[in-house]
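Computed from the coordinates by the stated procedures, all read-outs in this text should not be read as laboratory data. In this text the structure is predicted, and so the values were computed from the model without any measurement. For neighbour counting, all protein chains shown are included, and Cβ atoms are generated from backbone atoms with ideal geometry for every residue, glycine included.
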Amino acid sequence: MHKMPFGAAPLEDGRVRFRLWAPAARQVELCLSRGNADSRPERRAGEPTLLAMDAEPEGWFGITTGLAAIGSQYRFRIDGEMRVPDPASRFQPNDVHGPSEVIDPLAWAWQDAGWHGRSWEETIIYELHVGSFTPHGTFAAAQEKLDYLAELGITAIELMPVADFPGKRNWGYDGAYLFAPDSHYGRPEALKALVDAAHTRGLMVFLDVVYNHFGPEGNYLHVYAPQFFTQRHTTPWGAAINYDGPQRDWVRQFFVDNALYWLEEFHLDGLRLDAVHTIMDDSRPDILTQLAQHVHDRFGRSRHIHLILENDHNAAHYLTRDAEARPRWYVAQWNDDIHHALHVRLTGESGGYYRDYADDPIRHLGRCLAEGFAYQGEPSVYRGDQARGEPSAHLPPAAFVSFLQNHDQVGNRAFGERITLLAKPQRVRAALALLLLAPSPPLLFMGQEWGCAQPFAFFCDFGPDLAAKVVAGRREEFARFAQFRDPESRQRIPDPTDRTTFERSVLDWPASNLTEHKRWLELHRELLALRRRELIPRLGNISARHQDCTRLSETALSARWLLGDDSQLLLLANFGDEPVTRIDLNPDQVLYATHGEESVRLNADVLPPWSVVWCLGSQGTAT
């Protein structure tokens, strides 16, 4: 049980302690709608019990009562009027507008006592959305796929946000109750069962969390705690969360506790913090540093806990290593740069943020392989020539998560197309061979491993007024793209609120048995098995001091890394339609070649179109 100042906490004597930070309220009452109080025969069905909460310093209200028990449903009544759910609710059985439920955090009997996590070097991530990963869309249904994922070669599953969101379907980034697993996926115990079962199979579990805004429906903090927000900063969702203004301390504590809660009560192995570039915080230490420090202080070296960032600012300082080469704050960042460079080369697309890579995608790709970020302070054309990024060449490859697909890069397209529909198979195979065998930890997006052709569209389920605004906003978002300047063409963009948009995104698992999909599956299994067998044992202690990249032609490059065991890894890649000749490599050191090791031996000085060769040898031999 994670002890925190917020919410409802069952006590050993059977009573329940309730606390709410409501600095803008004059009085707060606990409103019990079910439990010990409502079981009395003289109380009419549905009539709530109202209990005055004691005013405490700094805007707090609290009460400890025996009239509530585990399973009781409750709200807080503000100033005798509005009844609101608990912002720190551990469960919302009837969605974001319904009552909260008192949960016993100790009810689940964990079976993973011997589990201490896995080292970051072993990480192979599989990102999934619980609601569309299986036809049933629940934690229990996802649990049934764990053996499949382990056999595939995955070592970590990353769940898109599960915090309670409005409606029946949502990507999860509109969470209103950040401590409550969404009821449509299952009760808290079902999520714990999923994590427990994953650990039994040697799988880590990461969770995507959103600390840059609350969802637009179901959040009532503005009524009784407007201090959660500030007008000093703005975000794409309106007023920013108050991380650096007056009365910020309890706001910051709320999010720090949220991170600790998921890691402690649900035994998670790590968190991925969404879009932290939209977190506005001028204080020192900022909330990202403070949160990471609390996590490391709490868990120390007793467990492997991995904190990951999504950060469009390419702020390398958050990824700093200490004197022992351990992450001081965050272990890695999703590296959009390497995705964008590859995507431009594979598809020829140059609209939107791809403009920044269209000038020379191979140069950008090479810099990602050798130094982490492609943009390390250079001006971004897409961002109005603003400087983007910080120097990252001093960081090890482990600090950058690489991917060819993820929920953003698929779902934020107008039609949610996957890369296999946008690029020829030969090109996609070359990109996979590069990413899955490079030293940086790779990430797969659900269904990618079998070449899923279904779209992953943007979907949500808001009330009528908000839904209409979302549909209009989604279509207007694409108006700046040439193919959608005509209003008629924008009408073809799927309606995010239409249930069929969601249903088309649910993985069609029987299709994975078709011959064309089995080939993709075998390719992923082969590459991941090779990574586990030959690379992962050598990735410990790898540094950034001995890695470089050389341009071979307009479309080809070579890169090399000195691995932790002093062996040398060499990459040769040709992402063009013409062969590259006069290549200098040792065919006896070939680890993998897209066009076959025998072909390499027969033509060791030629790199065919859209080919990748990996060589592994002792230092100085893989040349």
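Give the long-range amide H neighbours of D548: residues separated by 5 or more places, or on another chain, with amide H under 5 Å away, using H modelled in the peptide plane at 1.01 Å from N.
For D548, the qualifying residues are R560.
Post the alpha-carbon centroid distance, the range 434-502 to the range 537-579, in whole angstrom.
Using only Cα atoms to place each centre, the spacing works out to 34 Å.
With θ set to phi - 60°, apply the Karplus curve 6.51 cos²θ - 1.76 cosθ + 1.60 along the range 10-23 and write out the HN-Hα couplings as whole Hz, x wherever there is a Gly or Pro.
Using θ = phi - 60°, the values come out as x, 9, 5, 7, x, 7, 10, 9, 10, 9, 9, 8, 9, x Hz.
List the residues, sorted by chain then number, that are 5 or more residues from A156 or on another chain and whose placed amide H is less than 5 Å from its amide H.
Placed amide hydrogens put I124, Y126, M204 under 5 Å from A156.
Calculate the FRET efficiency for N586 and Q247 from the Cβ-Cβ distance with a Förster distance of 60 Å, rounded to the nearest 0.05.
0.40
Using the Kirkwood radius over C-alpha pairs as Rh, can you work out the diffusion coefficient of the range 545-618 via Stokes-Einstein at 37 °C, viscosity 0.692 mPa s, in µm² per second?
Details: Rh = 12.3 Å.
Stokes-Einstein gives a translational diffusion coefficient of 266 µm²/s.
With +1 assigned to the C-beta of every Lys and Arg and -1 to the C-beta of every Asp and Glu, and no other charges, what is the dipole magnitude of the chain about the Cα centre in debye, to the nearest 20?
On the way: 63 positive and 83 negative charges, 47 e Å.
For the chain, the charge dipole is close to 220 debye.
Can you list the chymotrypsin sites (Phe, Trp or Tyr not before Pro) in the range 38-136 that are in a DSSP coil and have 14 or fewer other beta carbons within 10 angstrom? Provide the component values of the computation, followed by the final result.
On the way: sites: W60, F61, Y74, F76, F91, W108, W110, W115, W120, Y126, F133; in loops: F91, W108, W110, W115.
Sites meeting the loop and neighbour criteria: W110.
So, R0 is 56 Å and r is the distance between the beta-carbons of S350 and A529; what FRET efficiency does that work out to, to 0.05? The partial results should precede the final answer.
Working: r = 36 Å, r/R0 = 0.64.
According to the calculation, E is roughly 0.95.
Give me I125, I419 sorted ascending by neighbouring Cβ count inside 10 Å, so fewest comes first. All intermediate terms of the calculation are to be shown ahead of the outcome.
On the way: I125 27, I419 22.
Lowest count first: I419, I125.
Tell me, what ³J(HN,Hα) does each residue in the range 505-510 have, in order and in whole Hz, if you take phi through Karplus 6.51 cos²θ - 1.76 cosθ + 1.60 with θ = phi - 60° and put x for Gly and Pro?
Each residue of the range 505-510 in turn: 8, 6, 4, 8, 4, x Hz.
Can you count the Lys pairs in the chain with C-alpha separation below 19 Å, eight or more apart or on different chains? Write down the numbers at each step before the final one.
Values: K3/K192; K145/K192; K145/K518; K168/K469; K424/K518.
So the count works out to 5.
H317 versus A140, label points 7 Å from Cα toward the beta carbon: distance in nm?
4.9 nm
Take T234, project a point 7 Å from its Cα along the Cβ direction, then tell me which residues of the range 460-474 have their backbone nitrogen under 14 Å from it.
Within reach of a label on T234: no residues.
Over the chain, what per residue volume does the convex hull of the Cα atoms give, in whole Å³? Walk me through the numbers on the way to the answer.
Values: hull volume 98.7 nm³, N = 623.
So the per-residue Cα hull volume is 158 Å³.
Report the charge-dipole magnitude of the range 7-101 in Debye, nearest 20, computed about the Cα centre from +1 at each Lys and Arg Cβ and -1 at each Asp and Glu Cβ.
Values: 12 positive and 14 negative charges, 40 e Å.
That gives the range 7-101 a dipole magnitude of about 200 debye.
Could you pull out the GluC sites (Glu not before Pro) across the range 537-623 that fall in loop regions by DSSP (anything but H, G, I, E, B) with no more than 16 other Cβ atoms inside 10 Å? Write down the numbers at each step before the final one.
Working: sites: E554, E597, E598; in loops: E554.
Passing sites in the range 537-623 are E554.
Convert each backbone phi in the range 383-398 into a coupling constant with the Karplus relation 6.51 cos²θ - 1.76 cosθ + 1.60 (shift: θ = phi - 60°), then list the ³J(HN,Hα) values in order as whole Hz, x for Gly and Pro.
9, x, 6, 6, 5, 9, x, 10, x, 10, 5, 7, 8, x, x, 5
Cα convex hull of the range 275-407: how many Å³ per residue? It would help to have the intermediate numbers written out before the result.
Values: hull volume 15.8 nm³, N = 133.
For the range 275-407, the hull spanned by Cα atoms encloses 119 Å³ per residue.
Projecting each Cα onto the charge dipole of the range 471-623 (Lys/Arg +1, Asp/Glu -1 at the beta carbon, about the Cα centre), which of Q491, S543, I583 comes out farthest on the positive side?
Q491
Please list, in chain and number order, the residues 5+ apart from A180 or on another chain whose amide H is under 5 Å from its amide H, with Hs placed from the backbone.
Amide H to amide H, under 5 Å and 5 or more residues apart or across chains, A180 pairs with D164.
Once label points are set 7 Å from the Cα along Cα→Cβ at both A107 and D465, what is their separation, rounded to one decimal in nm?
3.5 nm
Sort D174, D112 so that the residue with the fewest other Cβ atoms within 10 Å of its own Cβ comes first and the one with the most comes last. All intermediate terms of the calculation are to be shown ahead of the outcome.
Numbers: D174 27, D112 14.
Ranking D174, D112 by Cβ neighbours within 10 Å, fewest first, gives D112, D174.
Rounded to the nearest 500 deg cm²/dmol, what is the calculated helix-only ellipticity per residue at 222 nm for the chain, with -39500 (n - 2.57) per DSSP H run of length n ≥ 4?
Working: 16 runs with 150 residues, N = 623.
Result for the chain, helices only: -7000 deg cm²/dmol.
With labels modelled as points extended 7 Å from the Cα through the Cβ direction, what inter-label distance (nm, one decimal) is found for A387 paired with D282?
Result for the modelled spin labels: 1.9 nm.
First measure r as the distance between the Cβ atoms of D498 and D79, then evaluate 1/(1 + (r/R0)^6) with R0 = 51 Å and state the FRET efficiency to the nearest 0.05.
Numbers: r = 39 Å, r/R0 = 0.77.
That gives a FRET efficiency of 0.85.
Hey, got a sec? Which trypsin sites (Lys or Arg not before Pro) in the range 172-269 land in a DSSP loop and have at most 16 other Cβ atoms within 10 Å?
Details: sites: K192, R201, R232, R248, R252; in loops: R201.
Within the range 172-269, the qualifying trypsin sites (Lys or Arg not before Pro) (loop, at most 16 other Cβ atoms within 10 Å) are R201.
Rounded, prolate or oblate for the range 7-101? Axes are the square roots of the Cα gyration tensor eigenvalues, ordered a ≥ b ≥ c, and the cut-off for rounded is a/c under 1.5.
Details: a/c = 1.45, a/b = 1.33, b/c = 1.09.
Rounded.
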